[in-house]
Amino acid sequence: MSAAGGVQAEEPAAGQRKKQRNRKKNKNRHSPNNDSNDCTNERDAPDGASAFLGSISRTGSSNETGHTGKTSQSRHKPKNTVKDSPACSTPPPKGPASAGSSGRGGNVSRQNASGTPNSGGKSKRQQKNKKKSFDDYWSKEEVQRGLKQGTLIEGTLRINPKNYEDAYLPHPDMKSDVYIAGTLVRNRALNADVVAVEILPREEWRVLMDDLPQANTDDNKQIEDITDSTKAMSVEDTPTSGTGSTPDSTGCASDATAVATPKPVERLNVTGSSQKKPHGTPRKHNPSVKDFLQSDAANSVTRRLFGSNDSSDVTQKMAAIPDKCLLRTGRVVYIIERVHSRACTGHIKPMQDNNPNIALFSPLDHRVPRIQVPISECPEGFLQRANDFKDTLYIARITEWDNTSYAKGTLARSLGEAGEIEPETEGILIENGIDYGDFPPEALNDLPKDLPWKIPADEFASRRDLRSKCIFTIDPATARDLDDAVSCESIGNGEYEVGVHIADVTYFLTSDTCLDAVAGSRATSVYLVQKVVPMLPRLLCEELCSLNPDVDRLTFSVVWKMTEKGEVLEEWFGRSVIRSCAKLSYNHAQGFIDEPAKEWSREELPPISAPFTSNDIRDRVLNLNKMAVNIRKKRFDTGALRLDQVKIQFTLDGETGLPSGYNVYEQRESNMSVPPTQYWENHVRAPWWWPMQYTSYIRRHPPPQEKLIDGLIKTCNSLGIPIKADSAGELNRSLAAFGKGGSKKSAAKLQILTVLCSKPMQNARYFCTGCLGDEEEFRHYALNVPLYTHFTSPIRRYADVMVHRLLAAAIGCGGPPGLTKETANKQCLQCNTKKQAAKRVQDVSSDLFFAIFVKECGPLEEVGMVMEVLDRSFDVVVLRLGVVKRVYCEKLPLLDHSFKKGTKPVLTLKWAIDATHKQVVEQPISIFSVVTCVLKADAQPLKWTVSDRICDITLLNKHTFQRANTPKKLAK
């Protein structure tokens, strides 16, 4: 326990949950903490979205009356077709991930869903209270007509991980989100599902109280009165939000040159305290327009601010509210694509009424409803000895969820003890729809049979032979799938012949084969802390395609004639044969850069094939780095953006597999010597793109939503930090200017600003050029280029495979891929889905190992800085680790706390007298406040908490921000 008391970033106590449940008891809404037959409730936890199974269930439509509000006009052309099931031409994976799956399909007209839950031993009271909770889905024809006419919009649903009642999807105008308020109007859609949404009438939109124009101090007070008056409104009218009035938008571009997502550090699949609604999560009370205008406190404010002299003229006042002060609301009327796998990990428990036929499955992902599962699928003796199974993780899958309140499913199997690495990891993979099973035999039949394999003689005749060149790879030391190599030959006059050579995966992975279908379904390799789930069989990704040293390999090469300033004079694309002479790690390359005059011994470097020497390799690395520096400078001078955030790497014990230490990943010059040349390779040029203009795979990065970026600027201005964000380049220059302060505290503030700037960013995504009409939308915002794609990693990304095929056809060294734009776009959507799922798995795997590390070697003491202040909590960034924790006032031993709202919000904590403090201590918390964080393991599996105390600037200056690579070893 720290000097100021334990600050625990966890959920409210059970007693507070009970009070909340009682308040909601008579509402047509179900408490997330009631272990009864109410199974619609969802709770906060990690992302579990991504699909590999099942067709879409289209049951019923809507009996709801009234709302026919039209969407705002969009520059996007409305879609007039509805996609079918997820883009996957192969059967569900044969590994454990497919256990218990139940695909459902077919279309029905606008009528009630036929299936109803099995009563199975329910009491008469429960039968009586069983009522319809959800509206019937619209018919497919009605949805198609609505999308075409613009009365419906289509988008990917995001559910706030901190409050399951808040969900959002982007509006087609890309300026703001549409808010889905509550589980009922979400209508059984889960996170990442593609849904059709009807925009509700303007009077039901939300008023963003903080965005209202405020004329003077009196108006400020009256607006606060309005906010206070809305606090008494029911949850049905005013949903809570854990992230304020804006969406929980932490997604951002996943390209290395774009931005990184702020990592969620709360281990979200924990039991106990996290299974309740975050009662302590601060709420933004944003009333509907109707309620706002009818509020007594609102009349004088609306007359003054909106120019209405007649307080009864609601229509005039409603029209006068600026659009920027409103958040559109909507309701889900149809699930176009069930991207979420409907699988989840969790625990089983008896029903409260001891129902002998049904058990309750409680998912660890709180955004998934509780599921009724048959007792027959539970372990023997479960009802008699329920406590024996309370710590066991199970996998369940939703198989039926009609328009009544109950989700029903099947209990697939037990994973093992909660808190252990392998059961938790398997659960993470299944929840996110990752196919981690063995490749089916029919797919393996497409691999070469005669091993060891040799390149056929006719391939040498049709390819450029580069085996005599000094070509080598630069990768992480542990890498086994080496898919790119580089070369650099000086040709005099300050010019160089620079080559990037990519594994020619398409030679082995031909179209319309079973192996190609499986690879297209997987779409990406998935990297966890302790292992990799490969996209391709290991024979390909680690041997035949991997550019291992001293063996001949088939490649797709790009060779430039380039100046040392990075100016491209000539370029050549084509198929080739190479023979790598060395496998360098980033540490080896960095050694050459740090000590360019050093004579390296044979023992200090990996084996180098004759006739090349260490000096040959060193000189080429130095020349590549010299050009890379100039290329990077040119990129950022012309408007690129990079938002790097802290990333943790673990060292694992060879025997136990447990983390034995960690270090913070550091971007050094060697890491960036190759990417700039790959950038030139991935930067699409029109001469070879144009022949395939309607079926090309492009990776676009939309600009951030206007409302979110405006909020960022407003926040920064209130802190005295001038930020310009009209373009990616301006934002990058603003951050670079702020980072020139040089002090430790300035570096810490820059780290906080980087996290804040990442929040408004959207995800980069693949798309087919023939399916997007406006070429301006092809642009990559962060890189500030008109056309960009992925080409350099075909071993681990299926999108790169498709680009290789298209490029081969465009330059005449391969046949036409035979794609329609619809087929190409379907595969693009699958690549997007799987890439996001892989990113979530990677993040949660890192969180899992960090939680275990804290348990094994904690407590850890680190310096933190406050990133956001709310009325009853604040977010702290642990600076060295890059992790974010929310600290709730109700979990602190405080006498009181007070919140001062304004441009610089301040939360003042008044600590109680204890053994450490002889008098009451007041601690003001604001953005950039520095605290000392003590990280401790919690009693719950994979749960850790933060204790916090006041930290002065002296301690901050002693803290090292230069990301030391020395691992912190476990105490033996």
Under a 1.4 Å probe, what is the accessible area of the range 474-527 per residue, stated in Å²?
32 Å²
With the cut-off at 25 Å, tell me which of the pairs Lys531/Lys626; Lys140/Lys826; Lys449/Lys583 have Cα atoms farther apart than that.
Lys531/Lys626; Lys449/Lys583
Charge-dipole axis of the range 388-524 as Lys and Arg at +1 and Asp and Glu at -1 on Cβ define it, positive-most pick from Pro456, Cys488, Thr410
Pro456
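With +1 on the Cβ of every Lys and Arg and -1 on the Cβ of every Asp and Glu, and nothing else charged, how large is the dipole of the range 430-536 about its Cα centre, in debye rounded to the nearest 20?
On the way: 9 positive and 19 negative charges, 59 e Å.
The dipole magnitude comes to about 280 debye.
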Can you tell me the FRET efficiency between Lys647 and Asn615 if r is taken as the Cβ-Cβ distance and R0 is 22 Å, rounded to the nearest 0.05?
0.05
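Treat every Asp and Glu Cβ in the range 472-516 as -1 and every Lys and Arg Cβ as +1, leave all other atoms uncharged, and give the resulting dipole magnitude about the Cα centre to the nearest 20 debye. Walk me through the intermediate numbers first.
Details: 1 positive and 10 negative charges, 29 e Å.
It comes to approximately 140 debye.
Computed FRET efficiency, Cβ-Cβ of Ser490 and Ala597, R0 25 Å: what is it to the nearest 0.05?
Given R0 = 25 Å and the Cβ-Cβ separation, E is 0.85.
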Fully extended contour minus Cα-Cα distance, from Glu497 to Glu604, at 0.36 nm per residue:
35.7 nm
Treating only the Cβ atoms of Lys and Arg (+1) and Asp and Glu (-1) as charged, compute the dipole magnitude of the range 856-920 about its Cα centre; round to the nearest 20 debye.
300 debye
With a 1.4 Å probe and every protein chain kept in, tell me what percent of the accessible surface of the range 742-859 is carbon plus sulfur.
48 percent
Could you work out how far apart the two model spin labels at Phe738 and Asn445 are, taking each label as a point 7 Å from the Cα in the direction of the beta carbon, and quote it in nm?
5.9 nm
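Heavy-atom accessible area per residue, the range 705-773, 1.4 Å probe: how many Å²?
On the way: 2800 Å² over 69 residues.
Ligands and nucleic acids excluded, the figure is 41 Å² per residue.
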Ser718 and Gln842 label points (each 7 Å along its Cα→Cβ direction) are spaced in nm at 3.3 nm
So if R0 is 25 Å, what FRET efficiency would Ala457 and Ser511 give, r being the distance between their Cβ atoms, rounded to the nearest 0.05?
0.55
Which order, highest average first, do 542-548, 500-506, 698-704 follow once you tally other Cβ atoms within 10 Å for each residue and take the mean per peptide?
500-506, 698-704, 542-548
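Please report the carbon-and-sulfur percent of the accessible area for the range 344-422; probe 1.4 Å, protein heavy atoms only, DNA, RNA and ligands left out.
44 percent
The values are calculated or read from the model by the stated rules, or taken from the named source; none is laboratory data. Quick caveat: nothing in here was measured; it's all calculated off a predicted structure. Cβ sites come from the backbone with ideal geometry, for glycine too, and all protein chains shown count toward neighbours. Accessible surface is based on the protein model in full, side chains and every heavy atom, while ligands, DNA and RNA are left aside. Shrake-Rupley method; radii C 1.70, N 1.55, O 1.52, S 1.80 Å.
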